[in-house]
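What follows is a set of notes on a single structure, which appears directly below.
The values are calculated or read from the model by the stated rules, or taken from the named source; none is laboratory data. Nothing here was measured: the structure is a model prediction, and the numbers come from that model. So basically every Cβ, Gly included, is an ideal-geometry build from the backbone, and we count neighbours across all protein chains shown.
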Amino acid sequence: MAHQAAPGANTRLFHPGYEGHSQISARTLGFWLYMLSDALLFTALFAAYAVLDTPMNAAGGPIASQIVNPVEGFWQTIIILASVTSYSLATVAMKNGNRSGTMLGIVVALVLGAAFVAFGFNDLASLAAQGNGMDRSGYLSAYFVLILTHALHMIFGALWMLVMLVQIPRYGFNEMVVARLLNLRMFWQFQATVWVCVYIYVYMIGA
Amino acid sequence: MHLQFPGPWSPLLGRLTLNAIPYTNPILQGTFVGAAVIALLVVGSVLYFKKVGYFWREWLTSVDHKKIGVMYIVIGLVMLFRGFVDGLMMRTQQVMANGPHASGVLGSMHGFLPPYHFDQVYSAHGTIMILFAATPILTGFQNIVVPLQIGARDMAFPYMNALSLWLTTAGAVLVMISLFVGDFSAAGWVGLIPLTELPYSPGVGVDYWMWAIQISSIGTTLNAINMIVTIVKMRAPGMTWFRLPIFSWTTLSTNIIGLTAFPVLGVALALLGADRYLGTHFFTAGMGGNLMLYTNLFWIWGHPEVYFLILPVFGILSEVVPTFCEKPLFGYVTMVAATFAIAGVSWLVWLHHFFTMGAGPDINGFFSIATMLVGIPTGVKVFNWAFTMYRARITYTVPMMWAMFGLFLLLAGGLTGMMLAIPAVNYTVHDSVFVIAHFHCMVLLVVAAAFAGVTYWFPKLFGFKLSEAWGKVFFWLFSSGTVVVFAAMFALGFQGETRRLDWTYNTAWMPMLLVEEFGMLLYCLSLAAFAIMLVVSIRDRAKNRAGADPWGTSRTLEWLTPSPVPFYNFAMTPQVNTRDELAWRRKHGLENAKPDHYEAIHMPSNSGLPVIIGGLSAVWGFAMIWRIWWLAAISILAIIVCVIIRSFDKNEGYHLQPGEIEAMERDLATGMITSEQPDRSHNNAIHAEAH
Amino acid sequence: MAGSHSDPLAHPEVRMGGALRYIAGFISTVALMGAALIVTMRHDMAYQSYVELVGGLAFLALLSQAVLYYGLDISKAQIWKSVSLILTVPLFIITVGLTVWMFQSLDHRTMLITTTFQQPTLLQ
């Protein structure tokens, strides 16, 4: 090969003192890749929803416009975005080394996230109570599973927040805690991103 | 649950009753006795030689990428054997059950397998070969080779690496349990819809299939993340992108596919699971379900999965061919470009698995052309290998022979693939055994490359070479078996034999069926040759002792380490100066250069949690399959608790001191094996157990 | 590996966070969703152009989140996240787009869709 030089006096064969990569960067990149994988999971659910969103697949049951309410969805949008903002601001407090500020932001995010999930479950429960549960039709199956998958992610994130509320006072901002808080920030923001897609596609275009 | 399934259900055992154990089936009785004897031998010898602690410390709790890779390959080979036995049963059944007058034994009308049993055999064969044999074997190679090739000490996330392994194992364990408790899916490895729905498959077979795949594919996704981060973040200084060995490039692209395609499979199976467990109507035949939606989602994963398997194979060929041609690989840059072109196009072709759905000429045309486009980068690769071999000093070692046979299979499989890409042809041969013969050329290319890889990298890991003579016997038996079986199968495809037949009704097929059976005999003999090769090689290991570079002509960084590779890989991080670093160092007489001093190395500690989580996942899968809700709830909670416990574990590994490294490097130079870690690396839990 | 003794709070991804950035992300997303809501409630656009407009607003919202929330750019700390996202976005489009195209055509050819009564969906 043309670019192969012969070894000279300055050729190094070993690299003493090599520092390697930063642990935090590896963890955030790894988690980011997981999120892309998760995004493909939602993509597949959206594809399924698109196929099943026809009157034929409603099988005589309600179609999208009969069950979604874009105005209520807008309140949900504001709640989840506020929760994400609260968590994000918690990491700004972390940047300043402020433990109690970080924990306050997480607690607020947790409460708002719980409100969002409760809102969603309430919607689904009242639908199911009217006999329009997920076993009513192909369309409702897709609707329920899409909303529930998102809610499940939120619950998982909430559990993660609870763990961090224990770890921050216990360990302080060490490398592992900081990496987890950064990953959780991405994860929580990602829930808002998915919700934007759900809101536009299910609540608006369906309305 | 309001869902209707036949048979009893109790809160304590779910659907599990004594009737679920097929103790009346003579074939399964024999299998059970065989499996029990092997299991007793393995467990007994471990106990007899007092190796329990050794296995726990050095293997089960290991986070060393090489040991994890070896365990992946061992699991893959065991499952490859299981899948082979399934194949042997299918071939034998089709010969025995030919024509209207074929007699039957063991209670079958024709042959020796009743239809329902035969259906389980082919479903298990496909599922096992793709997901529990090929995937773990290739993942194993990636685990072993990539960190060494890029000059790293380990994977980016060693603990998660172990977790991936044990999740894959949990899936494999579930498939094996289905042999003796309940039954396996009878709906094909693709899950023919709506046959997999609860009303048509009310048993637990589909559930076994579904949960086994679901659990193991979580492992595959985690492994993909690990591989990508390792390659992006952990290359040694000087290892620029265009110095990266081709195997590492193909690993990167294949794991990009793994990362993005497996979630779609997860969704397809989860929605099927929702239909079976929650009564939804995604894919049901009525109530607004859409059958083709399942097929669509399955193949959105399924086709990229094909390239997920084939790209690392191309990587192995690209390592083996230059080594035994004593030349740099022809067209390195085009090889990298072709790898990524294949990975990209792999996402645009999935409908060619169901052209006959009737989506219309525009759509079939689009997918047909996209499929044919794959031929261009693949052709580039074939020419690159051919030009590497052109006017080279080829050494016909066992790995090289496997690689050349692999090229032959790639040509046969690739050209028939081009035929199948034409919708008009596809309509004619759809679901015939012509398709089966085509894709077996491709998956046997995977097997050929796997054996090339096993013989090529074996001395690196174990410090001695496999027997060349028996390796060649194995090669010739296996490759001629392949040619005989699948040449006949192409012919049967043209004679109109469709796939999945438990009764081959047409007597005109008999000659070719017999030829296929003869090929299976060759395969059986090759299996014996493989076993003899292992025994002979282990017996003569002192004679076949391998140095750092046992082939003498290898080119990449993994051959710079001593054989067997010490657990810390490189005593001092190497500085990479060029592509094919080792070939360059050898050319300038630098291949034996040692660093003038050593530095402390940070190593991760072993952990028992991955294997525990893997075990809990298998329990969880079993509980879900049999609908034992209390056990499912407990095991999923236990998994979550384990993950949280791990996050509170402050164990940040340990440091290997320069003096220790120097002593170990000295031992290695004199041929002593130092692959075991020093005692204090074990974490406290293990110490407590030992005392 | 070595090099883990530096201050974790000095990591670029920690430094990246800023109150203004996140509040701007909140406001921009709420504003874009609000605009989409108004367009939806007015019900006075043709289906095709309505879908394009709302889809465009969603795209802007996602773009603003990519920049303001995730802080994606081509700096050394973030380049691999940006690259991997750019490689993945076509897959989102391919998966949903080709699926919709496929089933749209299939439904028409098998005459499953009757266009008499209901409002349109993406499959029509």
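Remarks
- Reported count of residues in the stretch C:76-98, each being over 18 Å from the mean Cα position of the chain (by Cα) and surrounded by 17 or more Cβ atoms within 10 Å (Cβ to Cβ), is 3.
- Some residue of the stretch C:66-74 being part of a helix (DSSP H, G or I) and either exposed (fewer than 14 other Cβ atoms within 10 Å of the Cβ) or at the interface with chain A (Cβ under 8 Å from one of its Cβ atoms) (or both): no
- Residue count for the stretch A:28-58, restricted to those that are more than 8 Å from chain B (Cβ to nearest Cβ) and over 17 Å from the mean Cα position of the chain (by Cα): 5
- Total residues in the stretch B:1-40, condition surrounded by 13 or more Cβ atoms within 10 Å (Cβ to Cβ), of a type outside the set (Phe, Trp, Tyr) and part of a loop (DSSP other than H, G, I, E, B): 8
- Single unsatisfied condition, residue B:283 versus (1) without any contact (Cβ under 8 Å) to a residue 40 or more places away in the chain; (2) touching a Gly at 6+ places or on another chain (Cβ under 7 Å): (1)
- Residue within the stretch C:56-77 that is over 20 Å from residue A:201 (Cβ atoms) and either among the polar types (S, T, N, Q) or out of contact with any helix residue (DSSP H, G or I) (no Cβ under 9 Å at 6 or more places or on another chain) (or both) present: yes
- Yes/no for residue A:61 being over 24 Å from the mean Cα position of the chain (by Cα), more than 7 Å from every other protein chain (Cβ to nearest Cβ) and without any contact (Cβ under 8 Å) to a residue 24 or more places away in the chain: no
- Residue A:106 meets the conditions (1) on the phi > 0 side of the Ramachandran plot; (2) touching a helix residue (DSSP H, G or I) at 6+ places or on another chain (Cβ under 7 Å); (3) not aromatic (Phe, Trp, Tyr) in every case but one. The failed one is (1).
- Residues of the stretch A:186-207 that are at the interface with chain C (Cβ under 8 Å from one of its Cβ atoms), hydrophobic (A, V, I, L, M, F, W, C), more than 8 Å from the chain's Cα centre (by Cα) and in a helix (DSSP H, G or I): A:196, A:197, A:200, A:204.
A quick yes/no check of all residues on (1) part of a helix (DSSP H, G or I); (2) hydroxyl-bearing (Ser, Thr, Tyr); (3) closer than 21 Å to residue B:138 by Cβ:
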residue: B:231; (1), (2), (3): yes, no, yes
residue: B:247; (1), (2), (3): yes, no, yes
residue: B:250; (1), (2), (3): yes, yes, yes
residue: B:259; (1), (2), (3): yes, no, yes
residue: B:276; (1), (2), (3): yes, no, no
residue: B:316; (1), (2), (3): yes, no, yes
residue: B:335; (1), (2), (3): yes, no, yes
residue: B:343; (1), (2), (3): yes, no, yes
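- Taken over the stretch B:462-480, residues that are assigned to a helix (DSSP H, G or I) and surrounded by fewer than 22 Cβ atoms within 10 Å (Cβ to Cβ) amount to 9.
- In the set (1) more than 7 Å from every other protein chain (Cβ to nearest Cβ); (2) within 20 Å of the chain's Cα centre (by Cα), residue A:69 fails one condition alone, (2).
- Pairs with Cβ under 9 Å, 6+ apart, first in the stretch B:485-509 and closer than 13 Å to residue B:91 by Cβ and free of Cβ contacts under 8 Å to residues at least 40 places away in the same chain, second in a helix (DSSP H, G or I) and hydrophobic (A, V, I, L, M, F, W, C): B:488/B:437; B:488/B:512; B:488/B:513; B:488/B:514; B:488/B:515; B:488/B:518
- Residue in the stretch C:90-97 that is farther than 26 Å from residue A:46 by Cβ and facing chain A (nearest Cβ under 8 Å) present: no
- Residue list for the stretch B:271-310, restricted to those being closer than 23 Å to residue C:94 by Cα, at pLDDT 95 or above and facing chain A (nearest Cβ under 8 Å): B:271, B:282, B:293, B:296, B:297, B:300
- Each residue in the stretch C:8-40 was checked for being more than 8 Å from every other protein chain (Cβ to nearest Cβ), small (Gly, Ala, Ser) and within 23 Å of residue A:176 (Cα to Cα), and 1 pass.
- Evaluating residue B:428 against the criteria (1) of a type outside the set (Lys, Arg); (2) modelled with pLDDT of 95 or more; (3) under 27 Å from residue B:495 (Cα atoms) leaves one unmet condition, (2).
- Among the residues making up the stretch B:244-264, those that are within 9 Å of another protein chain (Cβ to nearest Cβ) and either without any contact (Cβ under 8 Å) to a residue 12 or more places away in the chain or hydrophobic (A, V, I, L, M, F, W, C) (or both) are B:256, B:259, B:261, B:262, B:264.
- Residue, farthest from the other protein chains (Cβ to nearest Cβ), within the stretch B:345-354, restricted to residues that are in a helix (DSSP H, G or I) and in contact with a His (Cβ under 7 Å, 6 or more places away or on another chain): B:353
- No other residue among A:142, A:109, A:115, A:93 is surrounded by 20 or more Cβ atoms within 10 Å (Cβ to Cβ), at pLDDT 95 or above and more than 14 Å from chain B (Cβ to nearest Cβ) apart from A:109.
- Filtering the stretch B:569-589 to residues that are touching a residue at least 60 places away in the same chain (Cβ under 8 Å) and either of a type in the set (Val, Ile, Thr) or part of a loop (DSSP other than H, G, I, E, B) (or both) leaves B:569, B:570, B:571, B:573, B:575, B:576, B:577, B:578, B:579, B:580.
- Some residue of the stretch B:658-668 being surrounded by fewer than 21 Cβ atoms within 10 Å (Cβ to Cβ) and within 33 Å of the chain's Cα centre (by Cα): no
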